[in-house]
Structure formats: structure tokens, C-alpha cells
Amino acid sequence: MHKNSTKWELVGSPITINKTVIKNRLTMAPTVKFDYAGEDGKVTSKHIEHYKERAEHGVGLICVEATAVTPSGRFWKNHMGLWEDEQIKGHKEIVKACHDNETAVIIQLNHTGIVSNPDCGEMIGPSAVPTRDENVYSREMSIEEIHEMQTKYVEAAIRAKEAGYDGIQLHGCHGYLINQFISKKTNHRKDEYGGDAKNRARFATEIIQKIRAKCGEDFLISVRTAGVEPTVDEAIKIADEYVKASCNYLQVSTGIEWDDSSVKARNPVYNDICELGVRFHEHFKDIVPVSCVNGLLAPDAVRYLIENKLVDTVDLGRALLADPSFSEAVLESKSFVKCYNCLRCQYGPGMPHKCPAALKR
């Protein structure tokens, strides 16, 4: 366990989310390793070592990368999954690697929806709208298909619990299926899954409720949610519905639309995307914990957000990819290799990775 610094008392202090104790306020954001899995979607030794190394260096919580709930909802054919029981065994190894280092671990569950890889399956979503190819439209899901998809998420969560994960995170941002339901740009439905904020959130809130019923009160349920869709106020209305449904933790990022000129970082230490998490924290303070993410590559920025109680936790992506010891740099002022902030992240695909910082370690 890392000792708290007298200078930075809060960043190294534990936080309890639902019933899960997290030893500090640093979390690893889900970042997909496309070249690690095979077409069977199973965990490989590369996955296990990847998460083990970050846990060994002291991060408090790891959110394992976006994991497909169906084989048709993948980014690529080499996308990790939890759509069948045979995949559980490998996930147990990831969990053990984290828990052996006193690091809490959850897994992000995802379906790509209208941006699914056509080599994997049909592009389906809340409405028939243009996909990545403006000339190709998705197919609108029927009510029966919506319910079937919800069941796939729930079944994946049950497998996650069997594997030993402390909880799950629903991927509700970055333009994937849950985000497609909450965005008016991609959801034109006139039934109970479209229209006002409550209805557009219904696809996810029913998943949350069903996971809670199947996995119990102690199971941590997080949503990685859009902080602006298309405005912060509208995005908060959506998140309010998630919390009412028993979501325990909001990890805030971006969505499909951004039409809110009021979103400007109020301190040069962090950027406009982090500001979304700060805004959410102001709304959900003392209700559920909130995290922010994006562009946090310097220990001082992370400490500033936590020590000034602007958010409850900070999600770290590229900083931890570049150097797993970034956690120790924040907590103990140890040296680390800084992310080069490449325009296109060079952490993969391909082995050995091309990340110039990781190769420098």
C-alpha cells in the first residue's frame, strides 16, 4: 500500500464506491488492446501482463477495456469479449492479477451498434441513420431486439461477477450503442425508447436495473457517460436516470454531439473534457462519485483535481500506457517516462508497440 503524502492527503486516500474499497483516487481508464485477442475474444497472456503491470505500480482501480457483449458488436475480429462462458477463465486471471496487488477491478461492457465492424455483424441501433459511411444506413432495432440486447449485457455482467470482477462499467459514451440511444442525432424513435431524456436513457437504465437484480446490491455498477449530449444540462438529465436506476459511479467523457459553448475549463491545469467531469461532480456531489478524464499527463494536474475536490477520482489513459509507474509519480513523486502526446496514440496495434515513451522505459 502506498503511504499518503502529508502534502497530498486526498489523492492517496481510499474511497468506497458502493461496497468496493479503492485504495487511492487513481483509476485506469479502459483502453482497447486490439492486437491482443484472437477471433475467439478470449483473454490472452498479453492482457494479463498488461493489467498486472499497472496494478503492481499502485493504481487504485482498473477498468478493463471495452469488452464485447456479442460477437457482432465488436470493433474488429480481435476484440475481447464476454459473450460466452468459455471466456470467463481468462478474465479470472486478470482479476487475480489486480486483486493480488490490492487493486480493485471492473470491466467495461460494450456493443458498437451502428458503427459495428461489418465483418463482425450487422450495424443496428435505435434508428436507421447514416453509419461511418454516410451512404450506408443502420437498421432500426425492434422492441424485441432491444430486450434481447439488454439480456446480452446482463449475461455478460453475470459472467464478469463469476470471474471475480468487483463490478462492471457500461460504455455509454464515444458514440457506441448506449450513447446512440441517448443522442437525438442517432435516436429518432417515437416509442418508449425515444423522445425525452428519460425515454432515451431507458435502454441503459433497464440494463442497470436488471444487472442489479441478478448481481446483487454489493456489485459496483458504473457508467462511462457522455458529459455533453448535446449540452451538459441534457447529459446530466440522462445521468440522473442512471443514478435513479442504481448506478454507483459516473465516469465522464464525451459523446456524439457537443453543442454547448459554456463548456470551458475554468483552470488551465485541465482541459474542456475534464471540465465535464468537474461539472458533473458539482451536480452529483454527495450522491455518487464522479471521475474525469482526458489529457492528464502530468502529476500536478491530477493532484490539483483531487486535492481541490473538483472530482472524486481521475481516470488515466495514455499516461499509464506510456509508463505504468505514473501512479507512483502522482502518489510519491517518483520519476516516470512522460507520454509524448502523439497526435495518433502509438501504443498499438502491433507488437512491439510503437509508443516512443513505452519503448524508452
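Quick one: putting +1 on the C-beta of Lys and Arg, -1 on the C-beta of Asp and Glu, what dipole do you get for the range 117-179 around its Cα centre, in Debye to the nearest 20?
Around 200 debye, computed over the range 117-179.
Averaging Cα coordinates gives a centre for the range 208-272 and one for the range 27-98; these two points are 23 Å apart. Fewest neighbouring Cβ atoms within 10 Å first, the residues HIS147, HIS171 line up as HIS147, HIS171. Here the range 1-108 carries DSSP beta bridges of which approximately 30% are antiparallel, counting only pairs with both residues inside. Tell me the net charge near PRO289. Cut-off is 11 Å between Cβ atoms, PRO289 excluded, with +1 for each Lys or Arg and -1 for each Asp or Glu. Net charge around PRO289: 0.
Under 5 Å between amide hydrogens, built in the peptide plane, is the criterion, and for LEU316 it picks out THR27, MET28, ALA29 among residues at least 5 positions away or on other chains. Non-local lysine pairs in the range 16-85, meaning eight or more places apart or on different chains, with alpha-carbon distances under 26 Å, amount to 12.
Note on the range 1-144: Cα-only Rg and Dmax are 18.3, 58 Å. Taking the charge dipole of the chain about its Cα centre, with +1 at Lys and Arg Cβ atoms and -1 at Asp and Glu Cβ atoms, the residue from ALA29, TYR153, CYS355 reaching farthest to the positive side is CYS355.
Taken about its Cα centre, the range 167-286 carries a charge dipole of roughly 260 debye when the Cβ of each Lys and Arg holds +1 and the Cβ of each Asp and Glu holds -1. The antiparallel fraction among DSSP beta bridges confined to the chain stands at about 10%. Between ASP85 and SER13, the contour length at 0.36 nm per residue exceeds the alpha carbon distance by 22.3 nm.
Given the convex hull over the Cα atoms of the range 277-358, what projected area results after averaging over all orientations, in nm²?
Working: hull surface 24.3 nm².
Taking the Cα atoms of the range 277-358, their convex hull projects to 6.1 nm² on average.
Left without a cysteine partner by the 4.7 Å Cβ rule in the chain: CYS63, CYS98, CYS120, CYS173, CYS215, CYS247, CYS339, CYS342, CYS345, CYS355. Look at the alpha carbon pairs under 8 Å that are at least 6 residues apart: their mean separation over the length of the chain gives a relative contact order of 16 percent. Computed from point charges on the beta carbon alone (+1 for Lys and Arg, -1 for Asp and Glu), the dipole magnitude for the chain about its Cα centre is near 780 Debye. Going from the residue with the fewest nearby Cβ atoms within 10 Å to the one with the most, SER72, SER183 rank SER72, SER183. Putting +1 on Lys and Arg Cβ atoms and -1 on Asp and Glu Cβ atoms, find which of VAL105, ASN267, GLY175 reaches farthest to the positive end of the dipole of the range 15-360. Projecting each Cα onto the dipole axis, the largest value belongs to ASN267. Residues CYS247, CYS215, arranged from fewest to most other Cβ atoms within 10 angstrom of their Cβ, appear as CYS215, CYS247.
Each value in this text was obtained by applying a stated rule to the coordinates, not by laboratory testing. Note that the structure is predicted; figures quoted are calculated from it, not measured. Positions of Cβ are backbone-derived with ideal geometry, glycine not excepted, and every protein chain shown enters the neighbour counts.
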